[in-house]
Amino acid sequence: MKKALNKRFTGYDSLLFCLILVTFSFTVSSCGVKARIKKADKKYEIGEYYDAGDIYRQVYRQIKARDKQTKAYVAFRQGECYRHINNTRAVSAYRNAIRNRYPDSIVYLRQAQVLHYMGKYQDAQKGYEIYLQSHPDDYVARSGAFACRQVAEWRKQSSRYKVTQAKELNQKRCSNFAPQFIGETEDAIVFTSNRTPASKKTTRGSSITGAPVCNLFTTRRNALGEWEDIEALQLGEESESDTSLDTNDKEGDDAMTARKSQNFPAEKGVCCFTNGGKTMYFTYSKPVNGKDQGAKIYVTNRASGEWGEPHEVKLFTDSTISCAHPSLSYSGDTLYFVSDAPDGYGGNDIWFAEYDGGQWLGAQNMGAQINTAGDEMFPTIRRDGTLYFSSNGHAGYGGLDLFKAVPQDTTWLLFNLGAPFCSNGDDFGITFAGQTQNGFFSSNRNQKKGYDLIYQFILPEMILQVEGAVTDNNGEHLTDATLRLVGDDGTNQRVQVKRDGTYRIKLKKDVRYVMLATARGHLNEKQTLSTQKATDSYTYTQNFVLSPISKPVTMDNIFYEFAKWTLTPQSEEGLNQLIKMLNDNPHITIELSAHTDRVGNAEANRLLSEKRAQSVVDYLTQHGIDKERLTPMGYGKERPVVADKALNAKYPFIPVEQVLDEAYIDTLTPQQQDICNQINRRTEFRVLKTTWGMY
């Protein structure tokens, strides 16, 4: 009988059973998918993006292909979770949402932001532009599209800042960020890290990021300037086994024990100090029963080298509002912080509150010039009121960029810090050593797993100087020359050249200088120099060539048309140099003489040379030189050149003190004769008087 029943059951009844089983399984599966989506949604709403994203990822595969609406919703939420924790898989999640026709064009904006973060600027720009078609006034999208178009040009701009990784402060395979100097000292800092303290065992990762939770660590410089002995910062009433700082928690012992057994650790990080370093404000987040309760700001005081018991800083009456990333003004009466409080501009905004009567009152949003629909975070306020912060809403390189906001009347002048501070990754948490331009910031640039690392930056001293040599017109160094340096900032400096006739003088930035070189028995020379456009250390070169007073000076760059006295255009440079020399020496008068070679009739050569000398005088008077200072003379071939050391060095076949007359030239080869004829064809000046107009 049992065999017969079994045989019958495997026939028609077995088919009916299978149909019932499939129907039941589909119903159970459908209910299971909805339940898991609901669970993921709850985690998403409280900011547990890592856990929520993992659930969305798993449940997406179980949704039927024909249910595009649900698939699009889950894919978009998965992308949002990944975007919040800097997981680049967000791009494929958004792509799935678009493929399944997600109804809100915000998916294009979010995908563009992730592509921007990945440095894929062309693809990001396309996404921004698609979103702008339906939202043409959206500031974040317009800023993103603009940045994608401009980033190539931005990267060409140079910076004097030098940035290197602060290897002593970083630990591998974990995040280290947001260092702060303890007060105004430059030899002690506190920073945030999710490294495991030596005194604790590894605990469960954060449900928000999936990474180990963060803690505060402190270190000091040793005598060699190295950071050493990094250890977790111990606060009052904090033991190795207790991760809670809420001393007002009224749970019973049993409930407390049960909560600790779940191993959901609290997080501490991102701090600031009063200028004396005796009070610290820091960010604290305490999960309860495994659920994130948002971040709060706590304060603790130091006495006898020990930090006391912290307590919460009340900034809003609504306890559900998160507050983080404190930064204190130098005077200590204004607290800047980050919050998701209502009536903001979207995402996280920067707020501030004033200290009054022992409380922080009147929390205010910093306004639309600072805050956007994106995230503005990690504020740092300097003594002069300049605000530094990070944003992914203003135009930047991607991710969080570092910005500087300079107060001006009732507005802020906003600047992206640019490279090397900014990258397509997240750049944030900047701090300065005292009033210097040196300090630290944090970045996850070039980190495949997204670890945040601490970088140090320095602004090297801008060294501006001018150097050169003072010589005579034959290139001989004038060892007794003197330089006078006068600047429009009041500089008036006199410098003696070195024994070899060279000099080097240090300059200041944004100053216009006049330099005057003088030497006994020589004319003065004046030159100008400006450091107003200097952007980096630079050495300017200014050489001075001083003409002798006692002997004629040949001007090698004065040219005439062949057999004529018309000056050629190539003479303009030499003529202008002559004008400058006369202006630099306003009390001299000169004789301008023109000379020809030995070829041709003597009288004709004399007349030609006179007219050439007059052409030079005419040019000078037309350009403002008083004609009484100029005496034109034409000597034809009457006064051949007498060779000196400089001419001998250039043409060794010509002996020193040799007169280049016809008798000597006739003894030379044809080629050497051409050289000597060319030397004799010249225009010269010599000083006649050095006191013109003085009496």
TODO: Take the residues in the stretch 33-54 that are farther than 23 Å from Q111 by Cα and either assigned to a loop (DSSP other than H, G, I, E, B) or in contact (Cβ under 8 Å) with a residue 12 or more places away in the chain (or both), then tell me which one is nearest to the chain's Cα centre (by Cα).
DONE: K39
TODO: Provide a single number: the residues in the stretch 55-69 that are part of a helix (DSSP H, G or I) and open to solvent by less than 40 Å² (accessible area, probe 1.4 Å).
DONE: 4
Task: Considering residues of the stretch 299-317 that are outside any strand (DSSP E or B) and small (G, A, S) only, the residue nearest to Q364 (Cα to Cα) - done: G308
Open item on the list: Step by step: first the residues of the stretch 158-174, then only those that are at pLDDT below 95 and of a type in the set (G, A, S), then the one that is farthest from Y281 (Cα to Cα). Which residue is that?
Closed with: S158
Open item on the list: Being under 15 Å from E312 (Cα atoms) and modelled with pLDDT under 95 is the filter here; which residues of the stretch 260-280 pass it?
Closed with: A266, E267, K268, G269
Open item on the list: For the stretch 650-666: of the residues being among the aliphatic types (A, V, I, L, M) and farther than 22 Å from L592 by Cα, which is surrounded by the fewest Cβ atoms within 10 Å (Cβ to Cβ)?
Closed with: A663
TODO: Filter the stretch 129-147 down to residues that are without any contact (Cβ under 8 Å) to a residue 40 or more places away in the chain and in contact with a Ser or Thr (Cβ under 9 Å, 6 or more places away or on another chain) and give me whichever is least open to solvent (accessible area, probe 1.4 Å).
DONE: Y131
Open item on the list: On the basis of being touching a residue at least 60 places away in the same chain (Cβ under 8 Å), part of a loop (DSSP other than H, G, I, E, B), open to solvent by 20 Å² or more (accessible area, probe 1.4 Å) and more than 25 Å from S159 (Cβ to Cβ), does A373 make the cut?
Closed with: yes
TODO: Report, by residue number, each residue of the stretch 627-677 that is more than 60 Å from the chain's Cα centre (by Cα) and acidic (D, E).
DONE: E638, E657, D661, E662, D666, D674
- [ ] Mind counting the residues in the stretch 618-646 that are within 25 Å of D472 (Cα to Cα), charged (D, E, K, R) and part of a helix (DSSP H, G or I)?
- [x] 2
TODO: Report, by residue number, each residue of the stretch 423-435 that is free of Cβ contacts under 8 Å to residues at least 40 places away in the same chain and open to solvent by 10 Å² or more (accessible area, probe 1.4 Å).
DONE: S423
Open item on the list: Take G347 and tell me if it is under 15 Å from C272 (Cα atoms), in a loop (DSSP other than H, G, I, E, B) and open to solvent by less than 80 Å² (accessible area, probe 1.4 Å).
Closed with: no
Open item on the list: So, in the stretch 518-544, how many residues would count as being small (G, A, S), under 18 Å from Q493 (Cβ atoms) and touching a Leu at 6+ places or on another chain (Cβ under 8 Å)?
Closed with: 1
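Per-residue answers, yes or no, for (1) open to solvent by less than 40 Å² (accessible area, probe 1.4 Å); (2) of a type in the set (G, A, S); (3) farther than 17 Å from D556 by Cα; (4) in a loop (DSSP other than H, G, I, E, B):
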| residue | (1), (2), (3), (4) |
| --- | --- |
| A604 | no, yes, yes, no |
| K611 | no, no, yes, no |
| V616 | yes, no, no, no |
| N648 | no, no, no, no |
| L668 | yes, no, yes, yes |
| Q671 | no, no, yes, no |
| C676 | yes, no, no, no |
TODO: Report, by residue number, each residue of the stretch 87-111 that is surrounded by fewer than 22 Cβ atoms within 10 Å (Cβ to Cβ), of a type in the set (S, T, N, Q) and not in a loop (DSSP other than H, G, I, E, B).
DONE: S92, N96
Task: Residue under evaluation K449, criteria (1) open to solvent by 70 Å² or more (accessible area, probe 1.4 Å); (2) of a type in the set (D, E, K, R); (3) at pLDDT 95 or above, criterion not met - done: (3)
TODO: From V190, V114, grab the single residue that is crowded, with 16+ Cβ neighbours inside 10 Å, aliphatic (A, V, I, L, M), in contact with a helix residue (DSSP H, G or I) (Cβ under 6 Å, 6 or more places away or on another chain) and outside any loop (DSSP other than H, G, I, E, B).
DONE: V114
- [ ] For the stretch 393-406, indicate whether the set of residues that are open to solvent by 50 Å² or more (accessible area, probe 1.4 Å) and modelled with pLDDT of 95 or more is non-empty.
- [x] yes
Task: Those residues of the stretch 481-516 which are under 30 Å from N648 (Cβ atoms) and open to solvent by 70 Å² or more (accessible area, probe 1.4 Å), in sequence order - done: K498, R499, D500
Open item on the list: Of everything in the stretch 657-675, what is touching a helix residue (DSSP H, G or I) at 6+ places or on another chain (Cβ under 7 Å) and free of Cβ contacts under 8 Å to residues at least 24 places away in the same chain? Give them in sequence order.
Closed with: Q658, L660, L668, Q673
TODO: Count, please, the residues in the stretch 281-295 that happen to be in a strand (DSSP E or B), modelled with pLDDT under 95 and not β-branched (V, I, T).
DONE: 4
Open item on the list: When the residues of the stretch 148-163 are narrowed to those that are in contact (Cβ under 8 Å) with a residue 12 or more places away in the chain and open to solvent by 70 Å² or more (accessible area, probe 1.4 Å), which ends up nearest to F428 (Cα to Cα)?
Closed with: K162
Open item on the list: Just to check your reading of the model, which residue among K551, K498, K506 is closer than 30 Å to H595 by Cα and among the basic types (K, R)?
Closed with: K551
- [ ] Quick one: which residue in S30, S25, S92 is of a type in the set (S, T, N, Q) and at pLDDT 95 or above?
- [x] S92
TODO: Output yes when any residue across the stretch 72-79 is under 25 Å from Y397 (Cβ atoms) and either of a type outside the set (D, E, K, R) or without any contact (Cβ under 8 Å) to a residue 12 or more places away in the chain (or both), and no when none is.
DONE: yes
Open item on the list: Against the definition (at pLDDT 95 or above, out of contact with any Pro (no Cβ under 8 Å at 6 or more places or on another chain) and β-branched (V, I, T)), how does T554 come out, yes or no?
Closed with: no
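The values are calculated or read from the model by the stated rules, or taken from the named source; none is laboratory data. Since we're looking at a predicted model, the values are computed, not measured. All Cβ positions, glycine included, derive from the backbone under ideal geometry; neighbour counts span all protein chains shown. Quick note on the areas: whole protein, heavy atoms, side chains included, nothing else; ligands and nucleic acids left out. Shrake-Rupley method; radii C 1.70, N 1.55, O 1.52, S 1.80 Å.
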